[in-house]
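Just below is one structure, and these are the notes that go with it.
The values are calculated or read from the model by the stated rules, or taken from the named source; none is laboratory data. Only a predicted model underlies this, so the values are computations on that prediction, with no experimental measurement involved. Because the Cβ atoms are built from the backbone with ideal geometry, glycine has one as well, and the counts that use them run over all protein chains shown.
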Amino acid sequence: MTPIWIKRTCVVAVAAVAAVAAVVSFDHMRALASDAGEGWKAWILPVSVDGMLVSASLVMLTRKRANQPVGLLAWAGLVLGLLVSLAANVAAAEPTLIGRLVAAWPPVALGLSYELLLTLIRETVTVHEPVQLHVVNDVEPVHKGVEADVRERRHPNRKRSRKLLDDYVAEAREHLRPGVNVTPAWVREVTDCSRGLSSKIAATLKAGMQG
């Protein structure tokens, strides 16, 4: 298992790369929008582009953790956000091959580093999920449900009704035969009473047998 400090270091490193790429990409798109005459809107337009990348990635993470299909809309938002960011950064670059390659790197680095960051977060959350608690809590209800089903099959015509202790004792005595070992389990089998009441009924029957 990977030490927690290594995972935290990876998260910090990937987050730092994403932050640097986001700042450079934001500045490129802001300059392009400003040259296009957008005025004060040039400061918020880059958020709508790179923000699409972040939003689509978060939706994909949430759906994957819920074991649901990612969906075409999330993929479309991720791809469209990446392409628009890439095109805007290249358009804002110097009209040379080197300048355009350099300008194209920030949106690519932002998209990849953010996906890596979500992958690390998803793996960390999956490792620490308390899966065993659900298994332990489900054992007893299943056992009780099976026991009740067995009793129902053995006595299909028996109607459930509210009974007093004396009624259960009288019903158990009808099934009492020589050699029968009177136990709470036997009482529950012949009367279909609760586990707590079966002990009292068994004790009453034994007291009557001894008397």
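This table checks each residue for (1) of a type outside the set (Val, Ile, Thr); (2) in a helix (DSSP H, G or I); (3) at pLDDT below 85.
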| residue | (1), (2), (3) |
| --- | --- |
| Thr9 | no, yes, yes |
| Val12 | no, yes, yes |
| Met29 | yes, yes, no |
| Val47 | no, yes, no |
| Leu53 | yes, yes, yes |
| Ala76 | yes, yes, no |
| Ala87 | yes, yes, no |
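Looking only at region 89-110, which residues are in a helix (DSSP H, G or I) and surrounded by fewer than 19 Cβ atoms within 10 Å (Cβ to Cβ)?
Filtering region 89-110 down to residues in a helix (DSSP H, G or I) leaves 89-91, 97-110.
Answer for region 89-110, where residues must be in a helix (DSSP H, G or I) and surrounded by fewer than 19 Cβ atoms within 10 Å (Cβ to Cβ): Val90, Ala91, Leu97, Ile98, Gly99, Arg100, Leu101, Val102, Ala104, Trp105, Val108, Ala109.
Within region 48-84, count every residue that is of a type in the set (A, V, I, L, M, F, W, C) and in contact (Cβ under 8 Å) with a residue 60 or more places away in the chain.
4
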